[in-house]
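Enquirer: Following this message is one structure expressed as structure tokens.
The values are calculated or read from the model by the stated rules, or taken from the named source; none is laboratory data. Keep in mind that what you see is a predicted model, and the values were worked out from it rather than measured. Please note: Cβ atoms are built from the backbone with ideal geometry, for glycine as well, and neighbour counts cover all protein chains shown. Surface accessibility is based on the protein's heavy atoms, side chains included, excluding ligands, DNA and RNA. Shrake-Rupley method; radii C 1.70, N 1.55, O 1.52, S 1.80 Å.
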Amino acid sequence: MTTATTLAAPSVTQTQNLIGGKWQPSKSGKTFNVYNPSTTEVIAQVAESDAADVDVAVAAARKAFQTWSKTSPRERSALLYKLADLIEKNAEELAALETLNNGKPIAETTNADLPLTISTFRYYAGWADKIYGDIVPVASNDFFVYTRKEAVGVCGQIIPWNFPLLMLAWKFGPALAAGNTIVLKPAEQTPLSALRVGELALEAGFPPGVINIVNGFGESAGDALVKHPDVDKIAFTGHYETAQIIMAAASKTLKRLTFELGGKSPNVVYADADLDLAVQGAMTGIFFNQGEVCCAGSRLFVEQSAHDQFIEKFKAAAESHKVGNPFDPDTRQGAQVSEEQYNKILSYIDLGKQEANCITGGEPACDNGWFVKPTIFTDVRNDMRIAQEEIFGPVVSVIPFKDHDDLLSQANETVYGLAAAVWTQDIKKAFKLAHSVRAGTVWVNCYNTFDPAAPFGGYKFSGHGRECGRDAIDNYTETKTVWMNTN
Ligand code: NAI
Ligand code: MG
């Protein structure tokens with residue numbers, strides 16, 4: 001572990017469920033442990049909920065929906081702005097809490113997670129009074145036809161542990177702006193920042209029951225939310241296998257479903273690219289957030305003629321990447337979120353060593369905590385398991401390619417379709433890739449740029465629907481068509 005300046009770890013203020021405006025333990029009284037991944041110490045014991053707790057939370061959300069869905073849009077906007085202000089006021093504490101519970105560097109929580117969370121709330125505060133339908137030009141003049149955009153109802157939101165606050169903001173922002181009420185189930189690994197936001201939401205003045213937070217595991221609390229007959233919609237981010245389970249479980253009640261799932265995104269470097277910039281892009285693409293990013297550039301396609309030169313620079317950059325104490329402001333890569341995730345990554349590294357060539361990393365970093373060294377595999381073929389399966393860690397597969405056709409057939413040869421990137425100085429190559437790759441986001445000479453206004457989501461196994469932007473408002477509204485006989 002590095003021992004440079006260490007910011008004080010924040011105190012944990014809340015470990016219970018938020019239901020109907022009140023903090024309460026689970027009905028069973030059970031709790032589960034929450035860890036600091038950089039030390040493996042237990043930092044909190046959080047209420048462990050099951051179907052009985054979900055029932056009460058859904059009832060509270062249903063009751064609140066009757067009035068919340070009818071509040072004036074300006075009122076909802078003002079509350080969202082107020083919550084954004086409170087998050088901003090407490091940004092240092094929230095950034096530290098996120099670093100403590102997730103293991104990601106304080107430089108990232110301070111400069112990425114918190115500003116994006118705040119701007120997402122402000123962006124959707126701006127949408128609340130700009131959601132409206134159309135006047136519809138039907139054939140007959142005997143009718144006046146118009147549409148209304150109405151809230152979907154009670155929304156179950158199930159989020160993962162890699163960006164706990166940002167995933168909360170992407171889900172809360174559009175849902176609340178459109179007049180829905182919420183039952184959130186945070187990831188069991190990282191519930192603490194959501195609970196702090198729950199406190200701030202009460203302080204902002206959100207009415208009881210509009211925002212409910214139920215802690216617990218996916219197979220119990222999450223499953224109960226998915227199956228609940230009085231939940232109108234589930235928004236989920238996580239693994240596609242979980243989404244398959246959710247889809248099947250939700251089929252009985254025909255809930256609306258939106259999914260933001262994983263990826264194995266191609267990050268493409270042409271020989272004519274600015275190679276230093278492309279190396280930085282490859283670094284950000286795979287090592288940002290310890291590689292625990294759904295749109296990580298985990299398949300790095302490098303044009304053959306530039307391969308060796310690129311790899312030399314990339315390896316040097318990976319070896320100078322600072323891994324360690326996430327509270328050190330100079331740290332660029334912190335700890336993996338959990339022992340389970342750490343073991344999963346190490347087992348993929350073992351597999352990779354049998355299939356391909358590990359040129360750097362390939363082992364744990366630091367003495368304690370769930371740290372993994374930045375790891376690069378070369379001589380990878382696109383059909384190998386390390387190139388096809390989501391590792392969700394700081395592990396990249398480098399695959400050489402000959403020309404555009406060779407590249408494209410390989411880039412699209414994956415079940416996923418979340419993101420892609422291309423590094424080139426030739427605008428034709430950039431357009432060609434951007435328009436032919438089957439992915440929800442394409443970055444040209446950049447990587448991992450995000451904005452709440454820009455839709456995000458995936459093709460194929462990477463999801464259903466888009467979050468952010470206007471698209472997310474559509475996810476949280478029903479269209480009602482009104483026919484008036486004017487004759
Ligand atoms: P997961 O998909 O199981 O968990 C995500 C969320 O879903 C958590 O809140 C969890 O409690 C909940 N959940 C789990 N099973 C559920 C069920 N049957 N019904 C309702 N909710 C359920 O992901 P997990 O197990 O944490 O990670 C496994 C892998 O998933 C990772 O290694 C990574 O490859 C991928 N993943 C992808 C993410 C993304 O952003 N697309 C985020 C997190 C994980
Ligand atoms: Mg799971």
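Enquirer: Using amide H atoms built 1.01 Å from N in the peptide plane, name the residues 5+ places from Val268, or on other chains, whose amide H lies under 5 Å from its own.
Expert: Hits under the 5 Å cutoff: Phe301, Ala421, Val422, Trp423.
Enquirer: Once R0 is set to 45 Å, what does the formula 1/(1 + (r/R0)^6) return for the Cβ-Cβ distance between Lys252 and Asp330, expressed as a FRET efficiency to the nearest 0.05?
Expert: Working: r = 52 Å, r/R0 = 1.15.
For R0 = 45 Å, the calculated efficiency reads 0.30.
Enquirer: Asp276 label point, 7 Å along Cα→Cβ, cut-off 17 Å on backbone N: hits in region 310-340?
Expert: 310-318, 320
Enquirer: In what sequence, largest accessible area first, do Glu241, Glu92, Glu150 appear using a 1.4 Å probe?
Expert: Numbers: Glu241 100, Glu92 165, Glu150 50 Å².
Reading off the accessible areas and sorting them downward yields Glu92, Glu241, Glu150.
Enquirer: I want to make sure I understand the PRE zone here: with the label point 7 angstrom from the Cα of Ser140 toward its beta carbon, which residues in region 448-487 have backbone N atoms less than 15 Å away?
Expert: 482-487
Enquirer: Can you order the peptides 376-384, 171-179, 431-439, 229-237 by their average number of other Cβ atoms within 10 Å per residue, highest first? Before the final figure, lay out the partial values.
Expert: Details: 376-384: 19.0, 171-179: 27.4, 431-439: 16.8, 229-237: 22.1.
By packing density, highest mean first, the sequence is 171-179, 229-237, 376-384, 431-439.
Enquirer: Which order do the peptides 292-301, 322-331 take when ranked by the mean count of other beta-carbon atoms within 10 Å per residue, highest first? Don't jump to the answer; show the numbers that get you there.
Expert: Numbers: 292-301: 27.3, 322-331: 21.0.
Top of the packing list down: 292-301, 322-331.
Enquirer: Give the carbon-plus-sulfur fraction of the accessible surface of region 341-487 in %, rounded to a whole number; probe 1.4 Å, heavy atoms of protein chains only. Spell out each step's value before the answer.
Expert: Values: 3130 of 6600 Å².
Solvent-exposed carbon and sulfur of region 341-487 make up 47 percent of the total.
Enquirer: Taking a ≥ b ≥ c as the square roots of the eigenvalues of the Cα gyration tensor of region 16-86, is the shape rounded (a/c under 1.5), prolate (a/b larger than b/c) or oblate? Numbers along the way, then the final one.
Expert: On the way: a/c = 4.13, a/b = 1.53, b/c = 2.70.
Cα axes put region 16-86 in the oblate bin.
Enquirer: Here's something else I'd like to know. I'd like the carbon and sulfur percentage of the solvent accessible area for region 1-128, probe radius 1.4 Å, heavy atoms only, ligands and nucleic acids excluded.
Expert: Of all accessible area on region 1-128, carbon and sulfur atoms account for 54 percent.
Enquirer: Please work out whether the chain counts as rounded, prolate or oblate from its C-alpha gyration tensor, where a ≥ b ≥ c are the square roots of the eigenvalues and a/c under 1.5 means rounded, while otherwise a/b larger than b/c means prolate and anything else oblate? The partial results should precede the final answer.
Expert: Values: a/c = 1.97, a/b = 1.32, b/c = 1.49.
Taking the square roots of the gyration eigenvalues as a ≥ b ≥ c, the chain is oblate.
Enquirer: How many percent of DSSP beta bridges within the chain run antiparallel, rounded to 5? Write down the numbers at each step before the final one.
Expert: On the way: 29 of 66 bridges.
The antiparallel proportion sits near 45 percent.
Enquirer: Below 13 angstrom from the Cβ of Lys89, what's the summed charge of the other residues (Lys, Arg +1; Asp, Glu -1)? Mind showing how you got there, number by number?
Expert: Working: positive: Lys82, Arg196; negative: Asp85, Glu88, Glu92, Glu93, Glu199, Glu203.
Within the 13 Å Cβ shell, the charges total -4.
Enquirer: Rank these by accessible area, largest first, 1.4 Å probe: Tyr447, Tyr132. Before the final figure, lay out the partial values.
Expert: On the way: Tyr447 15, Tyr132 175 Å².
Putting Tyr447, Tyr132 in descending order of accessible area: Tyr132, Tyr447.
Enquirer: Run the helix sum for the chain: -39,500 (n - 2.57) per DSSP H stretch of 4+ residues, divided by residue count, reported at 222 nm to the nearest 500 deg cm²/dmol.
Expert: Details: 15 runs with 176 residues, N = 487.
Result for the chain: -11000 deg cm²/dmol, rounded to the nearest 500.
Enquirer: I need to check one value: relative contact order of region 18-168, counting alpha carbon pairs closer than 8 Å and at least 6 residues apart, in percent.
Expert: On the way: 148 pairs, mean separation 31.9, N = 151.
That works out to 21 percent.
Enquirer: Shifting gears a bit: Quick one: what are the phi-derived ³J(HN,Hα) couplings along region 20-27, Karplus 6.51/-1.76/1.60 with θ = phi - 60°, whole Hz, x for glycine and proline?
Expert: x, x, 10, 7, 8, x, 5, 4
Enquirer: Still on this structure, I have one more. Evaluate the relative contact order of region 97-203 (contact order divided by residue number), counting alpha-carbon pairs under 8 angstrom at least 6 apart; express in whole percent.
Expert: Working: 125 pairs, mean separation 33.5, N = 107.
Reported as a whole number, the value is 31 percent.
Enquirer: Which whole-number percent is the relative contact order of the chain (Cα, under 8 Å, 6+ apart)?
Expert: On the way: 1151 pairs, mean separation 93.7, N = 487.
Value for the chain: 19 percent.
Enquirer: Mind scanning Lys171/Lys373; Lys63/Lys255; Lys63/Lys233; Lys104/Lys322 and naming the pairs with a C-alpha gap bigger than 21 Å? Can you show the working numbers first?
Expert: Numbers: Lys171/Lys373 32 Å; Lys63/Lys255 19 Å; Lys63/Lys233 16 Å; Lys104/Lys322 12 Å.
Pairs exceeding the cut-off: Lys171/Lys373.
Enquirer: Using Cα centres only, tell me the gap between region 440-487 and region 203-247 in whole Å.
Expert: Result: 20 Å between the Cα centres.
Enquirer: Taking only protein heavy atoms and a 1.4 Å probe, what accessible area per residue, in Å², does region 37-186 have with all protein chains in place? Don't jump to the answer; show the numbers that get you there.
Expert: On the way: 5410 Å² over 150 residues.
For region 37-186, the per-residue accessible area is 36 Å².
Enquirer: Sticking with this structure for a sec: How far is the Cα center of region 134-161 from the Cα center of region 377-428, in Å?
Expert: Each part reduced to its Cα centre gives a spacing of 40 Å.
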